[in-house]
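The values are calculated or read from the model by the stated rules, or taken from the named source; none is laboratory data. From a predicted model like this one, the values you see are computed outputs, not experimental measurements. Using ideal geometry, Cβ is built from the backbone for each residue, glycine included, and neighbour counts are taken over all protein chains shown. We work out accessible area using only protein heavy atoms, side chains counted, and drop any ligands, DNA or RNA first. Shrake-Rupley method; radii C 1.70, N 1.55, O 1.52, S 1.80 Å.
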Amino acid sequence: MTNLSQDKASLLEVDGLSVEYRLKGVSLRAIDRVSFALQAGEAVGLVGESGSGKTTTAMAIAGLLSPNARVSGGQVRYRGNLLSIDNDAAMRPHRWTETSVVFQGAMNALNPVHRIIKQIAEPCILKLGMSRAEATARAREVLELVGIPTDRGTAYPHELSGGMRQRVMIAMALACRPSIIIGDEPTTALDVITQAQILKLLGKLRSQLNLALILITHDLSVVAESCDRVMIMYAGRIVEDGTVAEIFAKPKHPYTRLLIESIPNPASGKRIIRPIPGDPPNLMNRPSGCAFHPRCPSAMGVCATEVPSLEKFGWGRVACHLHRSSQEGRVAVHA
Ligand code: SF4
């Protein structure tokens, strides 16, 4: 496997992972040979448009794929041990205790008829075998960790603001002391100020608890604030992987460059959003060669016929014919 940190022992190793969905009798490849490693305490952003495969990648790692999905290739290892990610029963002991997920829209994820302290304590009873009193004490601890006064533990979800509810979701995710938190667009439903507070909280918890974070988002600016590293996904594949500093300073893949250019930056006087031309690919009818070629301003003849492999480039990786070692005979087809 090729990754950014292959010299260190990895907390999580994803190697050649492919997942297919069965839809109306047709098999759709949602992710295609995804490989990366995650170190303890590392924060990685998984970025891409809808349908890019970022959520499927994360749900596969957590063993939370939908019933119509199947792992068609590859493997996932946690601390060197192979996970049976397509076996719900085998994955149950790992969820909450090793990997937890914070979903967007906390109101839908929390049970409206139970007090929050009870909901946070529940996984500790089920997963760690704690008594009710021990689990409640742990729930109070994590409430404090996420900045909620413990006397608010008796509140019902509807009595809390959106930001507080998302803090409750983070408290639940932390309750069984996992090493990895997956945030699936955890700030999407929040206003900008609350979003900044939640990202700051995740950053603080990460350094305090040495947590690894996989942050799924369509918003590169969220990654810039909270991650060490970013992996850009397009049509089910990783197309670029590098440190946040490198990728923002010198993006190599044309899609990454367009994603960065689409972020407004009022500080630099750039207030206008420049959307990426064209639409994300239809996975039922995936473009040949590089799936980005119909939208790529740098596309060459070879791009429509050959899938570019993900190759090591400096400290990172990139899948683009522009960055292959041999460039002879390439003619641009778009200006
Ligand atoms: Fe553009 Fe070709 Fe690179 Fe794909 S492989 S991103 S089409 S230049």
Residues (open to solvent by less than 60 Å² (accessible area, probe 1.4 Å), part of a helix (DSSP H, G or I) and farther than 11 Å from residue 120 by Cβ) located in the range 151-173: 157, 162, 163, 164, 165, 166
Residues located in the range 38-63, provided they are among the hydrophobic types (A, V, I, L, M, F, W, C) and crowded, with 19+ Cβ neighbours inside 10 Å: 38, 43, 44, 46, 47, 58, 59, 60, 61, 62
So residue 141, is it within 27 Å of the chain's Cα centre (by Cα) and of a type in the set (Asp, Glu): yes
Complete set of residues in the range 182-207 that are open to solvent by 90 Å² or more (accessible area, probe 1.4 Å) and among the hydrophobic types (A, V, I, L, M, F, W, C): 192, 193
Segments classed as strands (runs of 3 or more DSSP E), wholly inside the range 230-335, with at least 2 members that are within 15 Å of the ligand (Cβ to nearest atom) and at pLDDT below 95: 311-313
Residues of the range 149-178 satisfying the condition of being under 21 Å from the mean Cα position of the chain (by Cα) and among the β-branched types (Val, Ile, Thr): 168, 170
Residue that is most open to solvent (accessible area, probe 1.4 Å) [pool: residues in the range 309-327 that are more than 23 Å from the chain's Cα centre (by Cα) and free of Cβ contacts under 8 Å to residues at least 24 places away in the same chain]: 325
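I'm checking my understanding of the structure. Among residues of the range 71-120 that are of a type in the set (Gly, Ala, Ser) and over 19 Å from residue 14 (Cβ atoms), which one is surrounded by the fewest Cβ atoms within 10 Å (Cβ to Cβ)?
We begin by selecting, within the range 71-120, every residue of a type in the set (Gly, Ala, Ser); these are 72-74, 80, 84, 89-90, 100, 105-106, 109.
With the extra rule that they be over 19 Å from residue 14 (Cβ atoms), the set shrinks to 89, 105-106, 109.
On the way: 89: 8, 105: 17, 106: 23, 109: 17.
Step by step, filter the range 71-120, then rank; the result is 89.
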